[in-house]
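Trainee: Questions regarding the structure given below will be posed in turn.
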Amino acid sequence: MSKQPCIRNLIRLALLALLIVPSSCASSSRLGSAVPLGERVVDFAGDRDRIRVGAEYGQFRALRFHVSDSPLEMFDLEVRFGDGSSWSPGTASRFDRGSWSRRFDFPGHSRVVRSVEFRYRSLQVRSGRARVQVLGVR
């Protein structure tokens with residue numbers, strides 16, 4: 001049996017590994033140490049939604065949002081913390097399908113997130129319902 005086919009297969013495997021590792025590192029560095037906290041598939045009738053989180057997820061310094069399936073405009077974001085206080089960044093964000101928000105840094109220190117509430121408007125009813133995912137950044 002010739003060693004050349006085995007060597008060729010090892011070279012192909014090594015090249016494939018070199019292609020896969022950088023792409024997975026790039027996506028994880030984009031998220032940092034983000035933890036999925038919850039998601040909603042928003043409907044057309046409602047214009048407000050709340051994602052309940054809780055202390056079991058730990059403390060976070062910031063939030064990010066990912067919107068998939070359909071474009072969406074989000075506004076009046078309010079984050080309620082474990083100590084009962086709340087924070088609103090006072091911004092509106094437009095999301096295309098598959099897009100990410102900027103990082104919303106909390107004022108002060110890391111905190112437990114009790115809930116995230118937001119208002120929204122579907123931008124293209126024909127393209128279906130948007131899925132909104134909330135991620136906490138440690």
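The values are calculated or read from the model by the stated rules, or taken from the named source; none is laboratory data. Everything numeric in this text was worked out from a predicted model, so none of it was measured. Cβ atoms come from the backbone with ideal geometry, glycine included; neighbour counts cover every protein chain shown.
Trainee: Scan the stretch 71-79 and tell me whether some residue there is among the charged types (D, E, K, R), out of contact with any Leu (no Cβ under 6 Å at 6 or more places or on another chain), assigned to a loop (DSSP other than H, G, I, E, B) and surrounded by 13 or more Cβ atoms within 10 Å (Cβ to Cβ).
Mentor: no
Trainee: Now a separate question. Can you give me the number of residues within the stretch 51-70 that are within 21 Å of Ser110 (Cα to Cα) and either among the basic types (Lys, Arg) or in a loop (DSSP other than H, G, I, E, B) (or both)?
Mentor: The number of residues fulfilling the criteria is 6.
Trainee: Output the qualifying pairs, or none if there are none: Cβ atoms under 7 angstrom, residues six or more apart or on different chains, first residue in the stretch 108-123 and farther than 23 Å from Glu73 by Cα, second residue modelled with pLDDT under 95 and hydrophobic (A, V, I, L, M, F, W, C).
Mentor: The qualifying pairs are Val112/Ala55.
Trainee: Which pairs have Cβ atoms under 6 Å, sit 6 or more apart or on different chains, and link a residue in the stretch 71-100 that is in contact (Cβ under 8 Å) with a residue 60 or more places away in the chain to one that is part of a loop (DSSP other than H, G, I, E, B) and surrounded by 13 or more Cβ atoms within 10 Å (Cβ to Cβ)?
Mentor: Qualifying pairs under 6 Å: Leu72/Ala130.
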